[in-house]
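Chemist: Got a structure for you, questions after.
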Amino acid sequence: MSRPAEFKNTTRPRIIVPASEHARLTALADAAEKRAPEVAEYLTDELTRAEIVKDENFDPNIVRMGSRVTYLDEVSGRTRTVTLVYPDAADIEQNKISILTPIGAALIGLSPSQSITWPNPDGRIGALKVLSVENE
């Protein structure tokens, strides 16, 4: 995926992913390479740079699969609350977004007050700030 120059020069925040999810997400990104190469590549990049921690040591204030996340879209100024899910559970009407979307891949591993930018397939840059994270 060719990334806009302004994206290449951005510093991405530290992210943390539980070990059990890291393996499954890596396999999912690999499997999605042919269907959705841009998002699969971005998710793979995020997983490659993530700090991997044992599940029992994972901080409940960090976005993981199943997290309910409230974030500010820093481009539109809109606040939105979503649940991060695997692709088969995605349902935009219920605010369940797939990890295999640009926003889903951007959210993984973030904690409140962190901001991140990501490249959209149309060449624009997306930006969001996590406001809160709820994990059951």
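Chemist: So which residues in segment 56-75 are outside any loop (DSSP other than H, G, I, E, B) and in contact with a strand residue (DSSP E or B) (Cβ under 8 Å, 6 or more places away or on another chain), if there are any at all?
Modeler: Correct list: Arg68, Val69, Thr70, Tyr71, Leu72, Asp73.
Chemist: Is it the case that segment 108-127 has a residue that's assigned to a helix (DSSP H, G or I) and exposed (fewer than 15 other Cβ atoms within 10 Å of the Cβ)?
Modeler: No, there is no match, as no residue in segment 108-127 is assigned to a helix (DSSP H, G or I) and exposed (fewer than 15 other Cβ atoms within 10 Å of the Cβ).
Chemist: Right, something else. Restricting attention to segment 76-83, does a residue exist that is part of a loop (DSSP other than H, G, I, E, B) and under 15 Å from the mean Cα position of the chain (by Cα)?
Modeler: Within segment 76-83, none of the residues are part of a loop (DSSP other than H, G, I, E, B) and under 15 Å from the mean Cα position of the chain (by Cα).
Chemist: Still on this structure, I have one more. Just one of (1) touching a helix residue (DSSP H, G or I) at 6+ places or on another chain (Cβ under 7 Å); (2) among the polar types (S, T, N, Q); (3) under 21 Å from Gly126 (Cα atoms) trips up Thr11, so point out which.
Modeler: Against the list (1) touching a helix residue (DSSP H, G or I) at 6+ places or on another chain (Cβ under 7 Å); (2) among the polar types (S, T, N, Q); (3) under 21 Å from Gly126 (Cα atoms), Thr11 comes up short only on (1).
Chemist: Tell me the residue from Glu74, Glu21, Glu51 that is more than 22 Å from Glu136 (Cα to Cα) and of a type in the set (D, E, K, R), please.
Modeler: None of the others qualify; the one that does is Glu74.
Chemist: Only one residue in Arg68, Arg64 is under 22 Å from Val130 (Cα atoms), among the basic types (Lys, Arg), in contact with a helix residue (DSSP H, G or I) (Cβ under 7 Å, 6 or more places away or on another chain) and touching a residue at least 60 places away in the same chain (Cβ under 8 Å), so which one is that?
Modeler: Arg64
Chemist: Residue under question is Thr44, and the condition is that it be within 22 Å of Arg24 (Cβ to Cβ), touching an Asp or Glu at 6+ places or on another chain (Cβ under 9 Å), touching a residue at least 12 places away in the same chain (Cβ under 8 Å) and among the β-branched types (Val, Ile, Thr); does it hold?
Modeler: yes
Chemist: Considering segment 71-104 alone, what residues qualify as being loosely packed, with under 13 Cβ neighbours inside 10 Å and either of a type in the set (Ser, Thr, Tyr) or touching a residue at least 40 places away in the same chain (Cβ under 8 Å) (or both)?
Modeler: Ser76, Thr79, Thr81
Chemist: Take the residues in segment 51-62 that are touching a Ser or Thr at 6+ places or on another chain (Cβ under 7 Å) and not charged (D, E, K, R), then tell me which one is surrounded by the most Cβ atoms within 10 Å (Cβ to Cβ).
Modeler: Step by step, filter segment 51-62, then rank; the result is Ile62.
Chemist: Output the residue which, of all residues in segment 34-50 that are outside any helix (DSSP H, G or I) and over 20 Å from Asp122 (Cβ atoms), is modelled with the highest pLDDT.
Modeler: Ala50
The values are calculated or read from the model by the stated rules, or taken from the named source; none is laboratory data. Predicted, not measured: the structure shown is a model, and the values here were computed from it. Positions of Cβ are generated from backbone atoms using ideal geometry, with glycine treated the same way; all protein chains shown enter the neighbour counts.
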